[in-house]
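The values are calculated or read from the model by the stated rules, or taken from the named source; none is laboratory data. Fair warning: this is a prediction, and the values are worked out from it, not measured in the lab. Positions of Cβ are generated from backbone atoms using ideal geometry, with glycine treated the same way; all protein chains shown enter the neighbour counts. Ligands, DNA and RNA are stripped out before the accessible areas are found, and what is left, the full protein with its side chains, is counted by its heavy atoms. Shrake-Rupley method; radii C 1.70, N 1.55, O 1.52, S 1.80 Å.
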Amino acid sequence: LIADQVFLKRVQADSVILGDGRAVVNLKLVLVNVAESGAYDIDVEFKGVGFPGRWRTRKNIMLQRGQTEAHVSQTFTKPRLWWTWDQGKPDLYQASIILRNSRTGRVVEKGGVRFGIREIKVTPGWNFILNGRSFFPRATNIIPTQWLSEYTASRARRDVAMMKDANLNGVRVHAHVNREEFYSACDEAGLFVWQDFALQWSYEATDAFTRNACRQIKEMVRLLYNHP
């Protein structure tokens, strides 16, 4: 990996659905500046995936040397929400990010993220609520193969299609973290994912192991955060 002044380490997309029907999407950009401090312009273009719509926003920031978090927000007056397939359409958005040096105008970094606008809650009584609407989860466990290196995008789409044909609206990824292609297929098909942490049976009861497990589960959340 070669960084030209600034490296876009991570993008995190959060959505909030307002009471008047609008939605606000907040992007958290984790940027690493390996050059001297300076001013940069962040240009973000939001587009609907498979449906018309384009929104642009720009923000100017001062980056010191090292890691910085920058936040960019976009309001959608008539958002197309992500739903499970039995509740509506699983609409998705794509955000394309360009970072420019403010003084020279030169592009120093590009990135992007695909996300769905949605809010999901589980009540203490185990009622599932998606975008303010109660729904009944019908899901199955999956461990598709013992060797994820052989699990291709086409096999993931096939498995997701079979689950949908079985009238399931969700899946529990059991005791492992699957490939990116599987989660993307679930996003597109409108299946919610219940993600296990990849621990099962018995492990050593030590503080060192617990610290390692806590570190890994944080990384798992960051890895899968933008999948609706």
Exercise for review: Go through Asn212, Asn141, Asn167 for me and flag whichever is in contact with a His (Cβ under 8 Å, 6 or more places away or on another chain) and over 21 Å from Arg114 (Cβ atoms).
Suggested key: Asn141
Check your understanding: Restricted to the range 184-228, and to residues that are assigned to a loop (DSSP other than H, G, I, E, B) and of a type in the set (A, V, I, L, M, F, W, C), which residue is nearest to Asp14 (Cα to Cα)?
Key -> Leu191
Study note, to complete from the structure: Checked pairs for the range 167-186, first touching a residue at least 60 places away in the same chain (Cβ under 8 Å) and within 19 Å of Ile120 (Cβ to Cβ), second aromatic (Phe, Trp, Tyr) and open to solvent by 40 Å² or more (accessible area, probe 1.4 Å), C-beta under 7 Å and 6 or more apart or across chains, list as Asn169/Trp85; Gly170/Trp194
Check your understanding: Within the range 144-159, how many residues turn out to be surrounded by 11 or more Cβ atoms within 10 Å (Cβ to Cβ) and either in a strand (DSSP E or B) or not aromatic (Phe, Trp, Tyr) (or both)?
Key -> 10
Exercise for review: Within the range 111-136, count every residue that is of a type outside the set (Gly, Ala, Ser), touching a strand residue (DSSP E or B) at 6+ places or on another chain (Cβ under 9 Å) and outside any loop (DSSP other than H, G, I, E, B).
Suggested key: 10
Exercise for review: Could you look through the range 198-228, keep only residues that are open to solvent by less than 50 Å² (accessible area, probe 1.4 Å) and without any contact (Cβ under 8 Å) to a residue 24 or more places away in the chain, and pick out the one that is farthest from Phe128 (Cα to Cα)?
Suggested key: Ala213
Review point. If you check every pair at least six apart or on different chains, which have Cβ atoms under 6 Å apart with a residue in the range 45-57 that is charged (D, E, K, R) first and a residue that is in a strand (DSSP E or B) and exposed (fewer than 11 other Cβ atoms within 10 Å of the Cβ) second?
Key: Lys47/Arg54
Study note, to complete from the structure: In the range 57-92, anything open to solvent by 50 Å² or more (accessible area, probe 1.4 Å), farther than 22 Å from Val108 by Cα and either at pLDDT below 95 or assigned to a strand (DSSP E or B) (or both) is listed as Thr75
Exercise for review: State all residues of the range 22-42 that are modelled with pLDDT of 95 or more and in a loop (DSSP other than H, G, I, E, B); if no residue qualifies, say none.
Suggested key: Arg22
Practice item. Return the residue satisfying two criteria in turn: it lies in the range 33-45 and is in contact with a Ser or Thr (Cβ under 8 Å, 6 or more places away or on another chain) and hydrophobic (A, V, I, L, M, F, W, C), and of such residues it is nearest to Ile98 (Cα to Cα). Key: Val44
Practice item. Count, please, the residues in the range 99-139 that happen to be β-branched (Val, Ile, Thr) and open to solvent by 50 Å² or more (accessible area, probe 1.4 Å). Key: 4
Check your understanding: Within the range 10-56, can you find the residues that are loosely packed, with under 13 Cβ neighbours inside 10 Å and not polar (S, T, N, Q)?
Key -> Leu18, Gly19, Asp20, Gly21, Val34, Glu36, Ala39, Gly50, Phe51, Pro52, Arg54, Arg56
Practice item. Report yes if some residue within the range 58-67 is under 23 Å from His227 (Cβ atoms), in contact (Cβ under 8 Å) with a residue 40 or more places away in the chain and not hydroxyl-bearing (Ser, Thr, Tyr); otherwise report no. Key: no
